[in-house]
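Some notes on the structure that comes next.
Just so you know, all these numbers are worked out from the coordinates, no wet-lab data involved. Just so it is clear, the model here is predicted, and its values are computed rather than measured. As a convention, Cβ positions derive from the backbone with ideal geometry for all residues, glycine included, and neighbour counts pool all protein chains shown.
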Amino acid sequence: MDKDVRRGSAEMTAAMLISGTIGWFVLTSAQTVTGVVFWRCVFGAATLALLAALFGLLDLRHLRMKVMVLSALGGVAIVVNWLLLFAAYPRASISIATMVYNTQPFMLLGLGAFYLGERITGSKLFWLSVSFAGMIAIVSAKPAGAYEPSDYLVGIGLALAAAFFYAIAAIVTKLLKGTPPQLIALIQVITGAVMLAPFALANPLPQDETQWVLLIVIGVVHTGVMYILLYGAIQRLPTHVTGALSFIYPIAAILVDRIALGHALQPVQIAGSAAILLAAAGTNLGWTIRSIPVIKRETERSSS
């Protein structure tokens, strides 16, 4: 295996494992969603600026008005995405919120077709149908444990909305092709800190050391370090490898939810989650119906 691919794979794996644990940190911090996202932006901006400066990743020659405006707009979308996703965790569980959030490739598909004129193929429509079937299965399930049915549905709605705003941020980022991604991320988190400061600072600050430690970890590790690892991986890996390794994130989130919080998925929720992940994999990896691994093997067996 090529040295760059090995390093990129390690970076992508680490970034996805870090992402998969953020739900536990958010819930354990016992802070308001606005407070968590604000401090994530503050500590994340400081970490990104420091790491980018140390590794020479920032090229301020790209800092033009168009870059600043579009990055700030993307920052608003990504911050709203965080607010909605974090609000979904206590209502529908980390597992379900993360699975529903993984419908984002289909949000991006629709926005890409509408704004960028990208073509929607029959295979993409097929995967969209599989994902929709998975969503129906999850929505139809009765929430387990202490989750109220009304809260469960609200949580699913929040996770869907979070996926939509993530797709908006991705579309905006596509318009900034050629701009260093670390610079985009830095502008985004600075935008988020400015945007949320009036709301977050109007509430009492965290009262104990544990809460501060959790918020610092979310900002430093889950934002600053994770973004550096993620962008380093994206620059080194082929697209299909990046897409394949991205599924470590939801799997890690399910394991954290099960081990740390004791939340187990019901059979219908597992089936729905599997359908969404399969559909997202098919979309990200460019599978056609004939190229699905199981179908491909059966086709090759029957033709031999």
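Values as computed for the structure displayed
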quantity: Two-site FRET efficiency, T239 against L153, from Cβ-Cβ distance with R₀ of 30 Å, rounded to 0.05; calculated: 0.30
quantity: Label-to-label distance, nm, for residues given as L175 and K66 (7 Å Cα→Cβ offset); calculated: 1.1
quantity: Helix-only [θ]222 nm of the chain, DSSP H runs n ≥ 4, -39500 (n - 2.57) each, per residue, nearest 500; calculated: -25500 deg cm²/dmol
quantity: Modelled FRET efficiency - R0 22 Å, F114 with L73, Cβ distances, 0.05 increments; calculated: 0.85
quantity: For region 77-196: relative contact order, % (alpha-carbon pairs under 8 angstrom, 6 or more apart); calculated: 49
quantity: Measure of compaction for region 85-237 (Cα Rg per 2.2 N^0.38 Å); calculated: 1.22
quantity: Linear extension gain, A49 paired with L205, 0.36 nm per residue minus alpha-carbon span; calculated: 53.7 nm
quantity: Pairwise label distance in nanometres, V213 with L285, each label 7 Å out on the Cα-Cβ vector; calculated: 4.0
quantity: Whole-Å semi-axes of the ellipsoid equivalent to region 39-125 (Cα gyration tensor, √5λ, descending); calculated: 29, 23, 12
quantity: Net charge contributed by nearby residues that have their C-beta within less than 15 Å of M107 (K/R +1, D/E -1); calculated: +1
quantity: Under 14 Å, Cβ to Cβ, from A92 - net charge with Lys/Arg +1 and Asp/Glu -1; calculated: -1
quantity: Length added when fully stretched, L125-A10, from 0.36 nm per residue minus Cα-Cα; calculated: 38.1 nm
quantity: Segment D59-A264, length gained on full extension (0.36 nm per residue, minus Cα span); calculated: 69.2 nm
quantity: Alpha carbon Rg of region 141-181, scaled by the compact-globule rule 2.2 N^0.38 Å; calculated: 1.81
quantity: Computed magnitude of the charge dipole of the chain (debye, nearest 20; Cβ of K, R +1, Cβ of D, E -1); calculated: 840
quantity: Label of the coordinate-derived value, Rg/Rh (Cα atoms, Kirkwood Rh), listed as [x] 1.32; [y] 1.06; [z] 0.97; calculated: [z]
